[in-house]
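Beneath this line is the structure, given in C-alpha cells, with notes to follow.
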Amino acid sequence: MNDTAVTTDVTIAGIRFKNPVIAASGTFGYGKEYKGLLDISRLGGICTKGLTLNPRQGNRGTRLWETAAGLLNSIGLENPGIKTFIEKELPALRQLGPVVIANLSGSTAEDYAEGAALLNDSSIDMIELNISCPNVKAGGMAFGLDPEAAASIVRPVRKAAANKPLMVKLSPNAPDLSAVAQACVNAGADALSLVNTFKAMAIDIYKRKPVFDNKSAGLSGPAIKPIALRMIWELAETIKVPLVGLGGIASTEDALEFFAAGAAAVQVGTATFAHPETMTEIITGIELYMRKFGFSTLDEIKIQRTL
Ligand SMILES: Cc1cc2nc3c(=O)[nH]c(=O)nc-3n(C[C@H](O)[C@H](O)[C@H](O)COP(=O)(O)O)c2cc1C
C-alpha cells in the first residue's frame, strides 16, 4: 500500500462532489426509496427521476424486460411534475447529503424552459437536461439526435436557469454524437453526461408481438458499457467541458475505465437494482486503487494521449 494522500473529490461546473460517484436518473427515485439499503450519505450525487413541467403517468403495458447482460425499460417519464417535486420530494432529498441534480425533460422548448425556470428558483444544485429519453413520443430523444435540435433546447434552458450549472445528457443514438456534444457546449452546457439508453426491442414469440407498447425501449446495463466507454474516449479528445460517464458501470474496475478514458465523474444506474450497495463499494474501491497505485487525484487516472 502506498502512503500517497488521496483526494477523491471533483468539481464540475463549480459544484464540488465529495467523490465522483452519482446515482443515475430513473434508477434511484428521489433517494428516499433506497433508505436502509445503502449509506446514501456517502454518494457524490443523486440525479432525480426525469422531471417534466406537468405530471406524467408514464407508459402503459410492460415497462421492464431483462435481456442477456442488460435491461430494457420503457417507463415513459412517470413523475409528479416539477412543482410537486419541489414541494414534496426536494426537502427530504436535500437532507440526504449528496449533491442534488434535477433531471429535466420536456416535449417542447417552451415547456423545457418553463420547467427550468421553476428549478432555477429551487434549492437543487444542478440541472441535468435530458434530451435523450427514447421512451416518450414527443420530444425527449428526438432533440438529442441532431446538433441544431439539441441547441434549440439547450439555449432556452440555459437562459431560464441562469443561476444553475447545466449538464446535458446525450443520447448514444445520435448519428454524429460529437457534433451534438459540441452544439450543446456552444449553446451553454457546462458539462455533458453520457450515455442515456440505446434504442432497442424485444419480441414475445408466443404472443407474436413486440413486448413493449411503444415497440422499442431503452437498453441499459453491462451490455452497453464498452460502447459508452468508447463514446467517452472519443468525446474526451475534443470536448472541453467535464464529461460524466455512464452506461453499464457495475464495479470499481468499470468506473476506473471511464476515468482512464477521460470522464470527470461516473453515474451508476441499472447495477443498483440488483445490488444496491454497488455505488458505495465503487467509492471504496476507487480510493483503494488510488492508494495502491499512487494516484493522489482522480485526474491522474486519465490516460495521457500522445497521438
Ligand atoms: C428504469 C430506468 C429508468 C430511467 N429513467 C431515466 C430518466 O428518467 N431520465 C434519464 O435521463 N435517464 C433515465 N434512465 C437512463 C439511466 O439514467 C442511464 O442513462 C442508463 O440506464 C445507462 O446507465 P446504466 O447502464 O448504468 O443503467 C433510466 C434507466 C432505467 C433503467
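May I ask you to list the residues in the range 246-263 that are over 23 Å from residue 68 (Cβ atoms) and surrounded by 24 or more Cβ atoms within 10 Å (Cβ to Cβ)? Of everything in the range 246-263, those that are over 23 Å from residue 68 (Cβ atoms) and surrounded by 24 or more Cβ atoms within 10 Å (Cβ to Cβ) turn out to be 259, 263.
So, of the residues in the range 83-111 that are in a helix (DSSP H, G or I) and touching a strand residue (DSSP E or B) at 6+ places or on another chain (Cβ under 7 Å), which turns out to be farthest from residue 50 (Cα to Cα)? Don't jump to the end; show me each part of the working.
Of the range 83-111, the ones in a helix (DSSP H, G or I) are 83-95, 109-111.
Then keep just the ones that are touching a strand residue (DSSP E or B) at 6+ places or on another chain (Cβ under 7 Å); that gives 85, 93-94.
Details: 85: 11, 93: 15, 94: 17 Å.
Among those residues, the one meeting the criterion is 94.
Okay, residues lined up against (1) under 21 Å from residue 168 (Cα atoms); (2) part of a helix (DSSP H, G or I); (3) free of Cβ contacts under 8 Å to residues at least 40 places away in the same chain:
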site	(1), (2), (3)
206	no, no, yes
219	yes, no, no
247	yes, no, no
280	no, yes, no
304	no, no, yes
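The set of residues from the range 240-251 being more than 10 Å from the ligand (Cβ to nearest atom) and out of contact with any Ser or Thr (no Cβ under 8 Å at 6 or more places or on another chain) comprises 240, 241, 242.
Looking at 224, 239 in this structure, which one is over 24 Å from residue 72 (Cβ atoms) and in contact (Cβ under 8 Å) with a residue 60 or more places away in the chain? Explain how you work it out, then say what you get.
Values: 224 fails: over 24 Å from residue 72 (Cβ atoms).
None of the other options fit; the residue is 239.
Taking the range 112-151 as the range and being assigned to a loop (DSSP other than H, G, I, E, B) and either surrounded by fewer than 19 Cβ atoms within 10 Å (Cβ to Cβ) or more than 10 Å from the ligand (Cβ to nearest atom) (or both) as the test, the residues that pass are 121, 122, 123, 124, 125, 137, 138, 139, 146.
Which residue out of 191, 183 is aliphatic (A, V, I, L, M), farther than 17 Å from residue 25 by Cα, in contact (Cβ under 8 Å) with a residue 24 or more places away in the chain and more than 12 Å from the ligand (Cβ to nearest atom)? Exactly one of 191, 183 is aliphatic (A, V, I, L, M), farther than 17 Å from residue 25 by Cα, in contact (Cβ under 8 Å) with a residue 24 or more places away in the chain and more than 12 Å from the ligand (Cβ to nearest atom), namely 183. Within the option set 87, 66, being open to solvent by 50 Å² or more (accessible area, probe 1.4 Å), acidic (Asp, Glu) and within 24 Å of residue 136 (Cα to Cα) holds for one residue only, 66. Close contacts from the range 81-92, counting a first residue that is under 12 Å from residue 124 (Cβ atoms) and a second that is at pLDDT 95 or above and assigned to a helix (DSSP H, G or I), with Cβ to Cβ under 7 Å and a gap of 6+ residues or different chains, come to 82/115; 82/118; 82/119; 86/118. Looking only at residues in the range 34-51 that are in contact (Cβ under 8 Å) with a residue 60 or more places away in the chain and open to solvent by 10 Å² or more (accessible area, probe 1.4 Å), the one that is farthest from the ligand (Cβ to nearest atom) is 39. Scanning the range 67-82 for residues that are of a type in the set (Val, Ile, Thr) and in a loop (DSSP other than H, G, I, E, B) gives a single hit, 75.
The values are calculated or read from the model by the stated rules, or taken from the named source; none is laboratory data. It should be emphasised that the depicted structure is a prediction, and the values quoted were computed from it without experimental measurement. Positions of Cβ are backbone-derived with ideal geometry, glycine not excepted, and every protein chain shown enters the neighbour counts. SASA here: full protein model, heavy atoms, side chains in, ligands and nucleic acids out. Shrake-Rupley method; radii C 1.70, N 1.55, O 1.52, S 1.80 Å.
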